[in-house]
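The values are calculated or read from the model by the stated rules, or taken from the named source; none is laboratory data. What you see is a predicted model; the values in this text were computed from it and never measured. All Cβ positions, even for glycine, are placed from backbone atoms using ideal geometry, and neighbour counts span all protein chains on display. Ligands, DNA and RNA are stripped out before the accessible areas are found, and what is left, the full protein with its side chains, is counted by its heavy atoms. Shrake-Rupley method; radii C 1.70, N 1.55, O 1.52, S 1.80 Å.
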Amino acid sequence: MTKAFNRRLTKKDQKVFRKQLKAASAEKDVETAYKSLIQKAFDPDGLDFAWSSPFNTDGVFSELANSSLFNLQQSPAIFYKNYAVLKLLLETKWNKDFKLAPVKFQTLVQAIYYLKEFQGHNEQLPNVVLIGDENECFVVAGSQLAVYLSEKLNWSIPASSAGTDPSNQNFVLQLISKSGINPYVFEVSSKELDLNNVINLIACYAQGLPLVKLKINEKNLRETFEWFINSVFHGSLKKYEPDTLVSIFVQSLTASKDCYLVPPSQKELHLIDGSVIPIDANAYISFFSRFEKNYSPKEKREITAIADRLIEETKRRFHGDFWTPTLWADKAQEVLEKQFGNDYREKFVVWDSSCGSKNLTRDYYFKELYVSTLHQSELDMSSAYNTNAISFQMDFLNDDVFINSNTQESELTKIPPPY
Ligand SMILES: C[S@@+](CC[C@H](N)C(=O)[O-])C[C@H]1O[C@@H](n2cnc3c(N)ncnc32)[C@H](O)[C@@H]1O
């Protein structure tokens, strides 16, 4: 058998999932969306795995008894061709903010109670737990939760209410402060997230592999910075200037010795200049459970270089200039494709005459693209984007354009007059 353990989700798979989530009006719809996503990723033909709902769980995705993926009779090995067999417990929710620690950990307590049921029935425990609602999801390894099965808790409480039961309040607090579990929350409704990251994490836990942290680079910098400031400075964002926010982000990535959570409480962040600021430490730890904190000197230089651009962009956004986020730039492309055809970027000459830092075009390839804006600084800042386009400074209200069918491409860069 040559079947791979998980396949890459295509853009279409991801689009279908997001559409399902967007159309969802209740938890059951969310559950259906996650189930079909997992099925597509791990067993699109439906030959080896199936969903079931033992012990009133929302779903358990596990190997069919007659599957050839993992057959104890043939071999005592746990791995099949380097792939372990996945047993995934799914818990779906409706309209929860998983970035809030109590919400996240109450749901984890519910999952622990489900694991207790598996244990009580002598069933193999799920090795991965996936928890999600219509906007966010997070993943933990079954083994991270299984260590709590010997806790002295009132195990007769139904799993569905175990997380919020008053008798478990201290247990929830203990998990928040001492467990070291703090899964990264993926924003699944955001198109910027490649859902293969979630699938790879599931596969990684199924194989019992240590988590490989993601590095921050030019491609994911904006998305990760947004997540970082909105979560780590939850409720206090307005107190800080853009320069400070970017600086704290960069320090956290590049200066691990001088930028750290102050022990023992770990509720405040120590910065390079010796100052100490209050932050949402849970969000901070959760961020670095997913993203790398150690970089080579070369990578550090690259992060610092991109940071200059980030400050500029954040400043403008904070001062009320609306710069289109990727989500809306994608939407604009969708609308244009509907109107002019999917291949319009190949067929038409396109000119964005107030391009700013090229947010509307930078993630797409255009056969013939012109981008102009009022400030040269905007073009300098975005010089890495749409590199095959003609970029030029122009004030569309006051400068004239003299273009005719004989105008050479090179002359466009000389606009405005005297040309
Ligand atoms: C709100 S921003 C939008 C930038 C970008 N198109 C986006 O969606 O993120 C407006 C942009 O229009 C540019 N702009 C304003 N007045 C302009 C003018 N008279 N000529 C050319 N560009 C202008 C500004 O410099 C700024 O970059």
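With bins 10 Å wide beginning at 0, the percent of Cα pairs of the stretch 113-156 falling in each bin runs 25, 48, 24, 3.
Remark: the stretch 11-28, residue by residue, has Karplus-estimated 3J(HN,Hα) of 4, 5, 4, 5, 5, 4, 4, 5, 5, 4, 5, 5, 7, 5, 10, 7, 4, 4 Hz, where x stands for each Gly or Pro and the curve is 6.51 cos²θ - 1.76 cosθ + 1.60 at θ = phi - 60°. Placing R0 at 25 angstrom, the Cβ-Cβ distance between Val262 and Leu214 gives a FRET efficiency of 0.45 after rounding to 0.05. On the beta carbon distance between Thr387 and Asp29, with R0 = 60 Å, the FRET formula returns roughly 0.90. In nm, to one decimal, how far is the Ser179 label point from the Asp363 one, both placed 7 Å along Cα→Cβ? About 3.2 nm, to one decimal.
These residues, Lys104, Lys99, Lys239, go from largest to smallest accessible area, 1.4 Å probe, as Lys239, Lys99, Lys104. Taking amide hydrogens as placed 1.01 Å from N in the peptide plane, the amide H of Leu261 sits under 5 Å from those of His270, each at least 5 positions away in sequence or on another chain. Above 14 Å, the calculated P(r) of the stretch 296-367 contains 70 percent of its Cα-Cα pairs.
Phi-derived couplings, Karplus 6.51 cos²θ - 1.76 cosθ + 1.60 at θ = phi - 60°, listed residue by residue for the stretch 41-54: 6, 10, 7, x, 7, x, 9, 10, 10, 8, 8, 9, 10, x Hz, with x used for Gly and Pro.
Along the axis of the charge dipole computed for the chain (Cβ charges of +1 for Lys and Arg, -1 for Asp and Glu, origin at the Cα centre), the listed residues Phe49, Asn217, Phe392 are led at the positive end by Phe49. Applying 0.36 nm per residue to the separation of Val147 and Cys204 and subtracting their alpha-carbon distance, the gain on full extension is 18.6 nm. Cut-off 10 angstrom, C-alpha nodes, Gaussian network model of the chain. Which of Leu221, Leu374, Leu397 fluctuates the most? Highest fluctuation of the listed residues: Leu397. Past 27 Å, Cα to Cα: identify those pairs from Lys93/Lys293; Lys219/Lys315; Lys213/Lys315; Lys40/Lys298; Lys93/Lys178, in the order given. From Lys93/Lys293; Lys219/Lys315; Lys213/Lys315; Lys40/Lys298; Lys93/Lys178, over 27 Å: Lys93/Lys293; Lys213/Lys315; Lys40/Lys298. Once you place label points 7 Å from the Cα toward the Cβ at Lys15 and Ser53, how far apart are they in nm? If labels sit at Lys15 and Ser53, their model points lie 3.1 nm apart. For the chain, relative contact order (Cα pairs under 8 Å, six or more residues apart, normalised by length) works out to 10 percent. In the chain, helical runs assigned H by DSSP with n ≥ 4 each contribute -39500 (n - 2.57); averaged across all residues and rounded to the nearest 500, the mean residue ellipticity at 222 nm is -12000 deg cm²/dmol. Computed over every Cα-Cα pair of the chain and binned at 10 Å starting from 0, the pair-distance distribution P(r) comes out as 4, 18, 25, 23, 17, 8, 3, 1, 0 percent. Going 7 Å from the Cα of Lys22 in the Cα-to-Cβ direction, what parts of the stretch 221-264 have a backbone nitrogen less than 17 Å from that spot? Counting backbone N atoms under 17 Å from the label point, the list is empty.
Which FRET efficiency value, to the nearest 0.05, is calculated for Lys315 and Asn342 with the Förster distance at 35 angstrom and r the Cβ-Cβ distance? Rounded to the nearest 0.05, the efficiency is 0.45. Over the stretch 11-206, the reciprocal of the mean inverse Cα-Cα separation, the Kirkwood hydrodynamic radius, stands at 17.3 Å. Only lysines eight or more places from Lys367 in sequence, or on another chain, were considered; those with a Cα closer than 16 Å are Lys347, Lys358. Taking the chain as a Gaussian network of alpha-carbon nodes connected by springs under 10 Å, the highest mean-square fluctuation of the residues Asn398, Asn135, Asn230 belongs to Asn398. Taking a point 7 Å out from the Cα of Ser236 in the direction of its Cβ, the residues of the stretch 280-301 whose backbone N falls within less than 13 Å of it are 280-284.
Between the listed residues Ser289, Val129, Ile199, the Cα displaced farthest toward the positive end of the dipole of the chain, a dipole computed from Cβ unit charges relative to the Cα centre, is found at Val129. Taking each residue as 0.36 nm, the span from Glu223 to Ile272 lengthens on full extension beyond its C-alpha to C-alpha distance by 15.2 nm.
Largest mean-square fluctuation among Lys315, Lys93, Lys35, in a Gaussian network model of the chain whose springs join Cα atoms under 10 Å apart, belongs to Lys315. Taking amide H positions as modeled 1.01 Å from N, with prolines and chain starts lacking one, the residues under 5 Å from Trp351 and 5 or more places away or on another chain are Tyr370. Rounded to the nearest whole Hz, the Karplus-based 3J(HN,Hα) values (6.51 cos²θ - 1.76 cosθ + 1.60, θ = phi - 60°) of the stretch 169-180 follow the sequence 4, 5, 5, 4, 5, 4, 5, 4, 8, 10, 6, x, with x at glycine and proline. The slack in the chain from Trp323 to Ser189, taken as 0.36 nm per residue of separation less the alpha-carbon distance, amounts to 46.2 nm. Our Cα-only numbers for the stretch 333-399 put the radius of gyration and Dmax at 12.0, 34 Å.
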